[in-house]
Amino acid sequence: MNKNYSTLLFIAGLLTIQIIGFAGCKKKETAKKPNILWIMCDDHTANTISSYKMRFADVIETPNIDRIANEGAMLNNCYVTNSICTPSRATIMTGKYGHKTGVYTLWDDLKVEDETVATLLQKNGYETAMIGKWHLHTQPQGFDYYSVLPGQGLYHNPVFKETGTKWTTGKEGKKYNGYVTDVITDNSLNWLDNREGVKPFFLMLHHKAPHGLWEYAERHEHLYDEVTIPEPESLNEDKTHRSEGSRTFGRDMLNLSQRMYEGKRGKDYPTGKLDIEGMSDEERIAAAYQKYLKDYLRVVAAIDENVGKVLEYLDEKGLNENTIVVYTSDQGMFLGEHSYYDKRWIYDESLKMPFLIRKPDEIKAGSQCDDMITNLDFAELILDYGGVTVPNDMQGKSFRKNLIGKTPEDWQQSMYYHYWMQFEGSEVPAHFGVRTHDYKLIFFYGRGMGLNGTTEGWNTPIGWELYDLKNDPNEMNNIYGKSGYDQITKELKTELKRLQTKYEVNLEDFPELQTIINENWNK
Ligand code: CA
């Protein structure tokens with residue numbers, strides 16, 4: 001070949017590569033607004049994320065989830081306003097309490113006409129997707145693409161309901177082979193790869209894990225085989241200090257041991273039967289605890305691996321700088337504390353949410369934020385980052401400034417909690433309360449008020465509880481009515497009323513509840 005001709009070919013080749021390269025970059029870089037990757041798990045407690053350095057810090061490592069905190073910030077006092085899947089998710093989407101959206105219990109639907117972070121971001125120039133666990137019953141709105149599990153979904157070979165097929169409330173959908181956490185991640189990366197790419201993206205990547213029952217991936221079957229998981233101080237708590245409103249209720253380890261032994265609805269327990277024959281109650285509790293925790297931690301191991309996979313994808317595609325990454329859960333979870341599994345209670349293990357965020361151009365790596373934040377504030381933070389005006393009826397507050405160490409002077413010092421779902425099967429009575437940095441006051445009213453999914457006729461005793469969280473962080477000593485606490489009790493009751501007024505809790509719609517409150521306020 002003529003030397004000049006081959007040089008020409010070489011130059012033409014280089015030019016082509018540059019043009020393609022430039023076009024490829026341009027496609028991604030026209031987005032001025034940041035991409036938002038919202039990773040949310042189901043029932044993942046901060047306890048089992050190693051960056052929180054809590055109870056399981058010596059047992060579990062979550063290097064990939066930790067990476068978000070190491071390169072960004074971590075919230076140390078983030079709380080859920082109603083510790084159960086559907087209501088928490090509705091609050092996260094809408095920035096409103098359940099009494100505003102009508103999502104009080106697990107059985108209430110998010111209304112399709114409701115404005116959410118997704119509908120607002122979509123209207124304001126975002127390409128949006130929701131992949132994984134949805135659990136708000138109605139068809140997801142505001143998403144260019146969705147692929148969601150029906151209800152709780154399956155851990156193995158799950159089916160998904162997807163954009164483009166008729167929305168139904170049944171369990172049918174498109175089946176994917178594999179383990180659910182891997183499948184949700186792969187589908188998310190696939191969407192990222194195939195999106196138009198002109199607009200910034202908002203991706204809600206919602207894992208089913210580590211919701212019960214805790215079915216781990218086959219590759220993690222023997223993880224923790226040789227480990228004894230440390231027990232919490234309150235595993236065999238003597239609950240006589242509690243009020244009658246809570247003392248004898250709750251899903252406890254004894255109950256779980258029976259379920260692990262018997263299975264349910266004619267099916268064996270999914271990760272194998274626990275042999276409890278001949279054991280004392282204390283031995284059963286200890287054995288169920290070990291099995292529960294090992295199953296749970298194995299499920300978490302797959303989440304951490306998959307978070308790592310997503311972060312590596314962002315690395316490879318050069319998306320780190322302009323992509324906000326959040327890791328959170330829809331609430332906390334009891335891992336044997338107070339002998340409980342499950343959530344629902346206002347006690348700290350289920351109240352506290354993990355929240356880690358990375359935004360390299362704004363948030364200093366390794367930051368910690370001790371301000372009081374709730375899931376009511378998430379929607380407004382997202383809209384703030386997305387440059388979208390917050391609708392007047394949203395009830396939270398963006399904590400963008402808090403994340404860079406510039407906490408507004410009038411920032412909230414307390415939060416309002418309300419668990420409405422008085423359901424006999426869950427054994428958790430309806431209650432509301434207030435938490436400050438130092439104290440928690442709880443009122444158990446124990447009535448379903450005719451709400452969806454509540455058990456009519458299952459009424460439980462009324463009771464107040466008060467905890468001094470500085471001196472008793474594990475809530476092992478209810479001091480309501482004890483001498484020396486009159487003043488703080490009075491102040492907290494005033495604060496509770498102030499928050500109910502501020503958030504417009506519709507007590508007038510529940511005359512029976514109003515009567516119970518009136519009759520018991522000063523008891
Ligand atoms: Ca949940």
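The values are calculated or read from the model by the stated rules, or taken from the named source; none is laboratory data. As the structure is a computational prediction, the values presented were derived from the model and not from experiment. Backbone-built Cβ (ideal geometry, glycine too); neighbour counts: all protein chains shown.
Could you check, for the stretch 359-369, whether at least one of its residues is within 16 Å of the ligand (Cβ to nearest atom) and modelled with pLDDT of 95 or more?
Taking every residue of the stretch 359-369 in turn, none turns out to be within 16 Å of the ligand (Cβ to nearest atom) and modelled with pLDDT of 95 or more.
Can you tell me how many residues in the stretch 358-394 are within 21 Å of H437 (Cβ to Cβ) and either outside any helix (DSSP H, G or I) or touching a helix residue (DSSP H, G or I) at 6+ places or on another chain (Cβ under 7 Å) (or both)?
11
Restricting to the stretch 395-433, count the residues that are small (G, A, S) and in contact with a helix residue (DSSP H, G or I) (Cβ under 9 Å, 6 or more places away or on another chain).
The total comes to 5.
Working only within the stretch 274-285, note down all residues that are assigned to a loop (DSSP other than H, G, I, E, B) and surrounded by 12 or more Cβ atoms within 10 Å (Cβ to Cβ).
Listed by number, the residues that qualify are L274, I276, M279.
On the basis of being part of a loop (DSSP other than H, G, I, E, B) and among the aromatic types (F, W, Y), does Y269 make the cut?
yes
What are the residues in the stretch 415-432 that are in a strand (DSSP E or B), within 13 Å of P87 (Cβ to Cβ) and not aromatic (F, W, Y), if any?
H418 - this is the single residue of the stretch 415-432 that is in a strand (DSSP E or B), within 13 Å of P87 (Cβ to Cβ) and not aromatic (F, W, Y).
Would the stretch 64-79 turn up any residue that is within 23 Å of K401 (Cβ to Cβ), away from the ligand (no atom under 16 Å from the Cβ), assigned to a strand (DSSP E or B) and over 19 Å from the mean Cα position of the chain (by Cα)?
There is no residue in the stretch 64-79 that is within 23 Å of K401 (Cβ to Cβ), away from the ligand (no atom under 16 Å from the Cβ), assigned to a strand (DSSP E or B) and over 19 Å from the mean Cα position of the chain (by Cα).
Please specify each residue of the stretch 243-262 satisfying the condition of being buried (at least 16 other Cβ atoms within 10 Å of the Cβ) and part of a loop (DSSP other than H, G, I, E, B).
Passing the criteria: S243, G245, S246, R247, F249, G250, R251.
Hey, among the residues in the stretch 416-441 that are among the polar types (S, T, N, Q) and within 23 Å of D109 (Cβ to Cβ), which one's surrounded by the fewest Cβ atoms within 10 Å (Cβ to Cβ)?
S426
Might you let me know whether the stretch 88-109 holds any residue that is surrounded by fewer than 19 Cβ atoms within 10 Å (Cβ to Cβ) and over 30 Å from E508 (Cα atoms)?
no
Given (1) closer than 26 Å to H99 by Cα; (2) at pLDDT 95 or above; (3) surrounded by fewer than 21 Cβ atoms within 10 Å (Cβ to Cβ), identify the lone condition not met by F444.
Only one criterion in (1) closer than 26 Å to H99 by Cα; (2) at pLDDT 95 or above; (3) surrounded by fewer than 21 Cβ atoms within 10 Å (Cβ to Cβ) is unmet by F444, namely (3).
For the stretch 125-137, give me each residue that is more than 18 Å from K111 (Cβ to Cβ) and either within 21 Å of the chain's Cα centre (by Cα) or part of a loop (DSSP other than H, G, I, E, B) (or both).
Passing the criteria: G125, Y126, T128, A129, I131, G132, K133.
Please go through the stretch 373-397 and pick out each residue that is of a type in the set (G, A, S) and either within 18 Å of the chain's Cα centre (by Cα) or crowded, with 24+ Cβ neighbours inside 10 Å (or both).
A379, G396
So which pairs qualify, if the first residue must be in the stretch 279-305 and on the phi < 0 side of the Ramachandran plot and of a type in the set (A, V, I, L, M), the second must be in a helix (DSSP H, G or I) and buried (at least 22 other Cβ atoms within 10 Å of the Cβ), the Cβ gap must be under 6 Å, and the two must be at least 6 apart or on different chains?
Filtered contacts from the stretch 279-305: I285/M253; A288/M253; A288/L256; A288/S257; A288/M260; V300/T48; A302/T181; I303/T181.
Could you look through the stretch 314-345, keep only residues that are within 16 Å of the ligand (Cβ to nearest atom) and of a type in the set (A, V, I, L, M, F, W, C), and pick out the one that is farthest from T105 (Cα to Cα)?
Applying the filter and picking the extreme gives L335.
Note down all Cβ pairs under 7 Å where the first residue falls in the stretch 46-66 and is within 19 Å of V326 (Cα to Cα), the second is among the small types (G, A, S) and in a loop (DSSP other than H, G, I, E, B), and they're at least six residues apart or on different chains.
The qualifying pairs are A46/G332; S50/A57.
Does the stretch 67-82 contain any residue that is among the polar types (S, T, N, Q), in contact with a strand residue (DSSP E or B) (Cβ under 7 Å, 6 or more places away or on another chain) and farther than 30 Å from P429 by Cα?
So far as the stretch 67-82 goes, no, none of its residues is among the polar types (S, T, N, Q), in contact with a strand residue (DSSP E or B) (Cβ under 7 Å, 6 or more places away or on another chain) and farther than 30 Å from P429 by Cα.
Okay, residues lined up against (1) within 25 Å of W420 (Cα to Cα); (2) touching a Phe, Trp or Tyr at 6+ places or on another chain (Cβ under 9 Å); (3) assigned to a strand (DSSP E or B):
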{"site": "G446", "(1), (2), (3)": "yes, yes, no"}
{"site": "T460", "(1), (2), (3)": "yes, yes, no"}
{"site": "E465", "(1), (2), (3)": "yes, yes, yes"}
{"site": "Q487", "(1), (2), (3)": "no, no, no"}
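Taking the stated definitions as given, is E456 under 18 Å from R247 (Cβ atoms) and surrounded by fewer than 20 Cβ atoms within 10 Å (Cβ to Cβ)?
No: the conditions fail for E456.
Which condition breaks for I363 when tested against (1) touching a strand residue (DSSP E or B) at 6+ places or on another chain (Cβ under 6 Å); (2) under 28 Å from V183 (Cβ atoms); (3) surrounded by fewer than 22 Cβ atoms within 10 Å (Cβ to Cβ)?
(2)
Taking the criterion of being within 16 Å of the ligand (Cβ to nearest atom) and either surrounded by 21 or more Cβ atoms within 10 Å (Cβ to Cβ) or in contact (Cβ under 8 Å) with a residue 24 or more places away in the chain (or both), would at least one residue in the stretch 400-412 satisfy it?
The answer is no; no qualifying residue exists.
Considering only the stretch 85-112, how many residues are assigned to a loop (DSSP other than H, G, I, E, B), within 15 Å of T454 (Cα to Cα) and within 16 Å of the ligand (Cβ to nearest atom)?
Residues meeting the conditions: 6.
Are any residues in the stretch 329-351 over 16 Å from T374 (Cα atoms) and in contact with a Pro (Cβ under 6 Å, 6 or more places away or on another chain), and if so, which ones?
G336, E337
What number of residues in the stretch 306-361 are on the phi > 0 side of the Ramachandran plot and out of contact with any Asp or Glu (no Cβ under 8 Å at 6 or more places or on another chain)?
Final tally of qualifying residues: 3.
Mind listing whichever residues of the stretch 113-143 are of a type in the set (K, R) and more than 16 Å from the ligand (Cβ to nearest atom)?
Correct list: K123 only.
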